[in-house]
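S.K.: I am attaching a structure below and will ask some questions about it afterwards.
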Amino acid sequence: MDEMELQERKSFLTQAEAYLDRNELPAVWIRDRIRASTLVLGTETASSMTFTLPAERTEAEAGDLPNATYPVDLTVTATAGSTATYTLPAWNSSYVVAPATPTYSTSSPNSTINSATRLYTFTAPTGVAAGTVYHDFITASDGGATSATSWIRIVTQ
């Protein structure tokens, strides 16, 4: 690789880094695709990989995550009464006055959530069959107009 090609690649990577730094969405909701290609003697070979970046720990612990665009996947045994649990990340609204905590609600009659601990519990209903997929939406609210929604997908096995 000559010096000019090396400079072009460095420039491209710098531009890509600047673009990613300006992106305002939290990493946990972004689907990323990296594509690489090479051209040798007129033949091009390309490959790509797609992945989701993990949430930044401080962002998740501070409760700065917006509405979920991808579900949290849980599995539960296909037996009535079996449970699956998940601790939701903290959600903080600038409108909640300390020491008040946000309230959480679920959209499924088969689930509960403890607002103090953020522990979500799904209980398999009577008549559940293996392979059934349930969807639940958890809403965190400050009691006013500010809220965030997390999507939970539960698969029975």
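S.K.: From the residues in the stretch 107-123 that are over 15 Å from TRP151 (Cβ atoms) and of a type in the set (A, V, I, L, M), which one is modelled with the highest pLDDT?
M.R.: For the stretch 107-123, the residue satisfying everything is LEU119.
S.K.: Go through the residues of the stretch 93-106 one by one and say whether even a single one is at pLDDT 90 or above and assigned by TED's automatic domain parsing to the domain that holds GLY81.
M.R.: Yes, that holds for at least one residue.
S.K.: Let me ask something else. Across the stretch 116-131, what is the total count of residues that are β-branched (Val, Ile, Thr), in a loop (DSSP other than H, G, I, E, B), touching a strand residue (DSSP E or B) at 6+ places or on another chain (Cβ under 8 Å) and more than 13 Å from GLN157 (Cα to Cα)?
M.R.: Qualifying residue count for the region: 1.
S.K.: Kindly indicate whether ILE113 is free of Cβ contacts under 8 Å to residues at least 40 places away in the same chain and not in a loop (DSSP other than H, G, I, E, B).
M.R.: yes
S.K.: Can you pull out every residue in the stretch 99-153 that is of a type in the set (Ser, Thr, Tyr) and within 13 Å of LEU88 (Cα to Cα)?
M.R.: Passing the criteria: THR103, TYR104, SER105, THR106, THR112, SER115, THR117, TYR120, THR121, THR139, THR149, SER150.
The values are calculated or read from the model by the stated rules, or taken from the named source; none is laboratory data. All figures in this text were calculated on a predicted structure; none of them were measured in a lab. So basically every Cβ, Gly included, is an ideal-geometry build from the backbone, and we count neighbours across all protein chains shown.
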